[in-house]
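See below for the structure under consideration.
The values are calculated or read from the model by the stated rules, or taken from the named source; none is laboratory data. Quick caveat, the model's predicted, so the values are computed rather than measured. Cβ sites come from the backbone with ideal geometry, for glycine too, and all protein chains shown count toward neighbours.
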Amino acid sequence: MRISVFGLGYVGTVTMACLAKLGHSLVGADVNEIKVEALNRGEAPISEPGLAELLAESHEQGRVAATMDVSQAVDQSDAAIICVGTPSTHSGGINDQYLLAVVQQICDALAAGDSPRSFTVIVRSTCLPHVHQKLVDLLHQTVASGSDLQLEYVCHPEFLREGTAIDDFFEPPKIVFGVESTSAEEACRELYPGIDAATVFVPIGVASMIKYADNCFHAAKVTFANEIGSLCKELSVDSQQVMDVFCQDRKLNISPKYLRPGAPFGGSCLPKDLRAMLDLSRQLARACPMLSGISDSNRYQVDEIVSRIVATGKRNIGIVGLAFKENTDDLRESPAVAIAEQLLGKGMTLRIFDSYLSIDRLIGANRSFALETIPHLSSLLCADLSDVFSESDIVLSFHRIDPNHWAQLSDDDSKTTVIDFTNQLSGAEGIYW
């Protein structure tokens, strides 16, 4: 492919060198004359292990060049990869002025060039979905202006780490493309010949948020490890050994478990142990704002669910699954119980179905918690799931429903709104999707 790369900073230069290694023809574009001249000599304008050698090799083969002229770069390519910076504003938002300016310049160059022509704009710069929409609008305006152009837009987040960027490029954890057409997808499939990695094509907004989810999670991991380390230090416990064993658990700790949007957490273990760690941090005068924020966020999610239901103005609410985990009758600190308690306090009528729950069989702390929180629980329980659906305006499904039973319930001419916290029910609403 003939590819232009706009923005010859860290991501742009590495992308350019690695794509040239894969056999593509590259022309870089930047407003910085020093970077352009360096690339035209086959030299790396930044320091990164292995980059200088890659660029020198590709320069000798005539695969890389650079220019300060946008029109020249566009004329010499069939696709543009945008790698300009998106720095923070004073409020922490995205300063998209450079990104918008570059895409506008590309659109102007395309409109002024020979027609008809096909061209793909691939944005690697990190930005949120609303910024991508601005860029898509620019392309649509260019096409609508009467130009005989076929323009495609792709959101293509990068996952390069400084110091290991070239290894990350050739052995990526995943390759993500956000596209809005099959022709855009076809262009993307030509980019990485010979690279074996999981490749996904998703909507533009999804691709954009994957990058942010990655980086926020990485930041959370660093902070989590440091807060645990801080408490271990005060207790003269080897934090490296603690986290070494922690990371050996690939079933729960380092795994997809608990990483699906759904119900808030609860039960007899997680809330109790989190409180114990927060109490320890106060005793030791070692602030753990991330751990503290977990509890605050969980309470906020419970309140948000209640607020969402109240805002509908509907009064008859059904709940499927009251125990904090399905196939048990453990109600202790169940988020469903917390939500039911708030809804009752706001005058809602509740109907509850939980196939494993029987008041007569509840014992000990579990029974005490249930009856102290919802004193009239026995009068709210339904023996049949169908009764909950037939007599409720909104049903909150905290436990999975048998697919055959769900098919029957969803086929009924009922106007019941079902909010699914299990991500299992086809056609139901999700709390976060």
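Miscellaneous remarks
- Of all residues making up the range 174-188, the number that are part of a loop (DSSP other than H, G, I, E, B) and modelled with pLDDT of 95 or more: 1
- Of residues in the range 281-313 being touching a residue at least 60 places away in the same chain (Cβ under 8 Å) and surrounded by 15 or more Cβ atoms within 10 Å (Cβ to Cβ), the one farthest from R351 (Cα to Cα): C288
Condition check ((1) among the aliphatic types (A, V, I, L, M); (2) more than 22 Å from S281 (Cβ to Cβ)) across all residues:
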site	(1), (2)
S183	no, yes
P193	no, yes
A197	yes, yes
V202	yes, yes
V206	yes, yes
M209	yes, yes
N215	no, yes
S239	no, no
M243	yes, no
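- Candidates S307, S334 - the one that is over 22 Å from F369 (Cα atoms) and either polar (S, T, N, Q) or at pLDDT 95 or above (or both): S307
- Checked against (1) in contact with a Leu (Cβ under 9 Å, 6 or more places away or on another chain); (2) over 30 Å from A383 (Cβ atoms); (3) assigned to a helix (DSSP H, G or I), Q241 passes all but condition (1).
- Per-region count, the range 28-49, residues under 31 Å from the mean Cα position of the chain (by Cα) and surrounded by fewer than 14 Cβ atoms within 10 Å (Cβ to Cβ): 2
- Top-ranked residue in the range 349-379 [being of a type in the set (A, V, I, L, M) and modelled with pLDDT of 95 or more; ranked as farthest from R315 (Cα to Cα)]: I352
- Residue match in the range 195-204 (condition: touching a residue at least 60 places away in the same chain (Cβ under 8 Å) and part of a loop (DSSP other than H, G, I, E, B)): yes
- Neighbours by Cβ (under 6 Å, 6+ apart or cross-chain): first from the range 21-38, assigned by TED's automatic domain parsing to the domain that holds G62; second assigned to a strand (DSSP E or B) and basic (K, R): S25/R2
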